[in-house]
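Notes follow the structure.
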Amino acid sequence: MESSSQNKKIKITFFSVLPPFRGGISSFSLMVIQHLKSSTELVPFTFSKLYPKFLFPGKSQTDSSLTGSYPRIVSTFNLWSYLGARNQLKKSKPDVLLVNYWMTIFAPMYAFFARGFKKDVLKVALIHNLVPHEKRFFDDYFNRIFIRRYDSFIVLSEQVKNELLTQKPNASVLLLSHPQYTHFGSPFNEEESRNSLGIPKKSKVLLFFGLIREYKGLDLLIQAMNFLDESFYLMIAGEIYGDEGTYEKLISECKNPNIILKNAYIPDEEVKYYFSAADLCVLPYKKGTQSGVQAIADSFCVPVLVSKNGGLHENLDDGKNGFVLDDLHVENLAQKIQDIFSGGKIDIVGDRLNSIQTQKENEWEKFTEDLLEFIKTEKEKIKI
């Protein structure tokens with residue numbers, strides 16, 4: 001009997017955004033499922049409706065091409081749906097409730113879910129962001145009610161860990177690094193990728209990729225192009241959330257005409273062309289804890305330039321496995337980019353990323369192994 005109990009897989013009910021919803025958290029969640037399903041009894045659930053229109057100014061929240069079908073049980077702003085969703089989560093009879101947390105609007109719902117489980121069910125939150133990039137008056141209060149209901153926490157940056165411990169000093173927390181993505185395919189031919197995007201072969205190509213929001217600093221990067229000669233091209237690929245006119249005006253007024261804006265969601269199968277065309281992926285974030293874009297760039301061995309704001313720089317050693325800008329403003333950003341492309345620095349970092357790529361192939365396995373070991377250890381604690 002003891003041996004049978006020891007060999008029994010732990011049952012985890014996992015709630016997160018999942019396909020058909022698109023975006024970085026959905027991609028992340030799919031990788032978690034893929035690498036946990038063989039070692040656990042995993043039961044995933046997702047939203048029926050995610051964001052209301054006022055929080056989602058984009059064209060669509062879903063992508064019908066994404067694979068996977070998961071029970072869609074709750075609408076974020078329909079409080080009446082919370083009870084039915086919680087009942088479905090409880091019916092799965094888990095040992096552990098695991099939720100993905102990245103916006104405070106989910107805090108009341110997640111707190112309500114956790115409150116419905118007995119103490120012998122471990123409640124774990126995997127936190128991408130705790131303090132929002134675009135702060136609102138209710139954020140601190142919502143975070144407190146959420147944190148109070150969960151037993152254990154997994155975070156992806158030192159900054160989020162510190163923010164969590166400020167609010168809950170005795171929190172049991174595991175810090176893990178965001179693994180690189182592997183599902184976007186292998187690098188494509190650079191020349192063909194550039195041809196398909198209308199970029200000359202010999203250009204120095206900067207890439208700004210992903211959802212475009214004010215805190216990500218695209219305005220600063222466009223303005224920095226005024227100080228870069230026409231050997232530089234800037235490829236902007238991602239859907240604008242906000243005032244499109246602001247960016248269009250900056251582009252039209254820029255002295256360097258080599259700026260290409262693809263204002264649209266980039267499907268998974270097209271991602272490789274943008275990164276294969278790029279020399280440098282630029283993340284001039286004004287705020288930020290970690291970035292899925294950084295993980296994508298890493299998987300294509302494209303060096304990144306990040307600001308020192310937030311936690312994006314935590315795993316980077318400037319000039320060795322990426323580049324870090326200490327003081328984020330337009331002239332500094334332009335000068336840093338020029339320095340990166342002088343003296344072969346960009347090639348040295350790119351070669352180093354390629355040389356260590358094979359060491360990173362099992363990052364998701366290591367990530368989920370460490371996550372699962374932490375969960376099992378925490379589960380034992382609540383038995384005592």
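Some points to look at:
- Among the candidates 67, 62, 46, 40, residue that is touching a strand residue (DSSP E or B) at 6+ places or on another chain (Cβ under 9 Å) and modelled with pLDDT under 90: 62
- Qualifying strands (runs of 3 or more DSSP E) (wholly inside the stretch 212-293; at least 1 residues being hydroxyl-bearing (Ser, Thr, Tyr) and in contact with a Leu (Cβ under 6 Å, 6 or more places away or on another chain)): none
- Summed over the stretch 272-284, residues that are surrounded by fewer than 24 Cβ atoms within 10 Å (Cβ to Cβ) and within 15 Å of the chain's Cα centre (by Cα) total 0.
- Only one of the numbered conditions (1) at pLDDT 95 or above; (2) surrounded by fewer than 23 Cβ atoms within 10 Å (Cβ to Cβ); (3) of a type in the set (Phe, Trp, Tyr); (4) under 22 Å from the mean Cα position of the chain (by Cα) is not met by residue 227, and that is (4).
- Which listed residue, of 294, 290, 338, is closer than 25 Å to residue 37 by Cβ and of a type in the set (S, T, N, Q): 290
- Top-ranked residue of the stretch 241-259 - restricted to ones that are touching a residue at least 40 places away in the same chain (Cβ under 8 Å) and within 24 Å of the chain's Cα centre (by Cα), ranked as surrounded by the fewest Cβ atoms within 10 Å (Cβ to Cβ): 242
- Extreme residue, nearest to residue 23 (Cα to Cα), among residues of the stretch 173-208 that are buried (at least 19 other Cβ atoms within 10 Å of the Cβ), within 19 Å of the chain's Cα centre (by Cα) and at pLDDT 95 or above: 208
- Residue within the stretch 337-354 that is touching a residue at least 40 places away in the same chain (Cβ under 8 Å) and under 16 Å from the mean Cα position of the chain (by Cα) present: no
- Residue match in the stretch 73-92 (condition: assigned to a loop (DSSP other than H, G, I, E, B), buried (at least 21 other Cβ atoms within 10 Å of the Cβ) and either at pLDDT 90 or above or in contact with a Phe, Trp or Tyr (Cβ under 9 Å, 6 or more places away or on another chain) (or both)): no
- Answer residue from the stretch 230-240, given it is of a type outside the set (A, V, I, L, M, F, W, C) and surrounded by 14 or more Cβ atoms within 10 Å (Cβ to Cβ) and is farthest from residue 24 (Cα to Cα) among those: 233
The values are calculated or read from the model by the stated rules, or taken from the named source; none is laboratory data. Remember, predicted model here, so these are calculated numbers, not experimental data. Reconstructed Cβ throughout: ideal geometry from the backbone, glycine too, with neighbour counts over all protein chains shown.
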